[in-house]
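Report on one structure; see the data block that follows.
The values are calculated or read from the model by the stated rules, or taken from the named source; none is laboratory data. Model, not experiment: these values are computed from the prediction. Because the Cβ atoms are built from the backbone with ideal geometry, glycine has one as well, and the counts that use them run over all protein chains shown. Keep in mind that these areas ignore ligands, DNA and RNA; they rest on the heavy atoms of the full protein, side chains included. Shrake-Rupley method; radii C 1.70, N 1.55, O 1.52, S 1.80 Å.
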Amino acid sequence: MTERALSFGSVAAAYERFRPGYPAELVEKVLDYAGAPVVDALEIGAGTGKMTRVFAARGIAVTATDPDPAMLAELREHVPADVVTREGALEDLRPDRQYGLVYSAAALHWTEPAGRWPRIAALLAPGGVFASFGGPVEPADPAVRKAIEEAQAPFLETAQFPSPDGTPPENELQWPGTELEQSELFADVRQVVVQQRMTLSADELVGLLSTVSAYLILPTSVREQVFRRIRRVVPDTIELVSDHTAHLARRC
């Protein structure tokens, strides 16, 4: 887990270039749920600031944290100058202040399960909102998905990250909503989905895959071989499904 969580810094520029951004509609969902103005926010695992800039654009004072200094360096190139940055994982943060919003985009699964929710609750003001965003990015065409799976099968079973608490994909409520519902520290748990589609060239798809941890931890020669095999079996353009599932909860 630590190896995978800290693998992104080596490809920070590619991460910024190829990873899809987040639609403003997600922020609207959070603000509507909050029901009151959100003044400040703490971001867990900010990466290169894909979500940071969307919240900052709404005038929210964001403190962006990430354990990887290379990712934070890339983030600073793309976010407003008034965004505060702090190097550290959730487990390194000290609750020296509380925020109206704590959120994490495609990064919560890297945090330590033990003590996760008490740590987040300690960073939230009473009644404050927690939000998590995530969801796989995958080809819309099942035949293309199958071709990629077969191309990488000799070296990698799957690039998808399993549900941290084992929730089956067919369940209506997904993780982390499942854990939030069980926590006495949070209430009013909601799950909403914002749809997003995108079309990439085959080279752009390989660029995107080059920022995925499952590939990053492969030996370089193996990774390059996998990408060559994938490039040969995909069409010149690929439609991707990149729906965002948001989980919202309020600190009791």
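Things to note:
- With every protein chain in place, the stretch 1-99: carbon and sulfur % of accessible area (1.4 Å): 50 percent
- Solvent-accessible area per residue, Å², over the chain with all protein chains present [probe radius 1.4 Å]: 48 Å²
- For the chain, the longest principal axis of the C-alpha atoms and the axis of helix 220-233 are separated by about 70°.
- At R0 = 25 Å, FRET efficiency that the Cβ-Cβ distance of GLU150 and ASP203 yields, to 0.05: 0.80
- Karplus-derived HN-Hα couplings along the stretch 36-48 (A = 6.51, B = -1.76, C = 1.60, θ = phi - 60°), whole Hz, x at Gly and Pro: 7, x, 9, 8, 9, 8, 10, 10, 9, x, 6, x, 9
- HIS109 exposes around 40 Å² of accessible area when a 1.4 Å probe is run over every protein chain in place.
- Between GLU170 and VAL222, full extension at 0.36 nm per residue minus the direct alpha carbon distance yields a gain of 15.4 nm.
- Residues listed by number, the stretch 117-135, amide nitrogen under 20 Å from ASP40 label point at 7 Å toward C-beta: 119-131
- Accessible surface ranking that places the most exposed of ILE217, ILE148 first, with a 1.4 angstrom probe: ILE217, ILE148
- Taking the chain as a Gaussian network of alpha-carbon nodes connected by springs under 10 Å, the highest mean-square fluctuation of the residues VAL241, VAL189, VAL39 belongs to VAL39.
- For the chain, calculated [θ]222 nm from helices alone, where every DSSP H run of n ≥ 4 adds -39500 (n - 2.57): -9000 deg cm²/dmol
- Nitroxide proxy distance, nm - points 7 Å out along Cα→Cβ at ALA73 and GLU157: 3.6 nm
- In plain terms, the chain is cut at each of the GluC sites (Glu not before Pro) found in a DSSP loop with at most 11 other Cβ atoms within 10 Å, and the longest leftover piece is 78-156.
- Relative contact order (percent, whole number), the stretch 23-102, Cα cutoff 8 Å, 6+ residue spacing: 33 percent
- For the stretch 54-149, the Kirkwood radius over C-alpha pairs fed into Stokes-Einstein at 10 °C and 1.306 mPa s yields D = 103 µm² per second.
- Exposure ranking of ARG229, ARG197 by accessible area [1.4 Å probe, largest first]: ARG197, ARG229
- Computed over the chain: relative contact order in percent, which uses C-alpha pairs under 8 Å that are six or more apart: 24 percent
- Taking all protein chains as they are arranged and a probe of 1.4 Å, the heavy atoms of SER10 leave approximately 100 Å² accessible to solvent.
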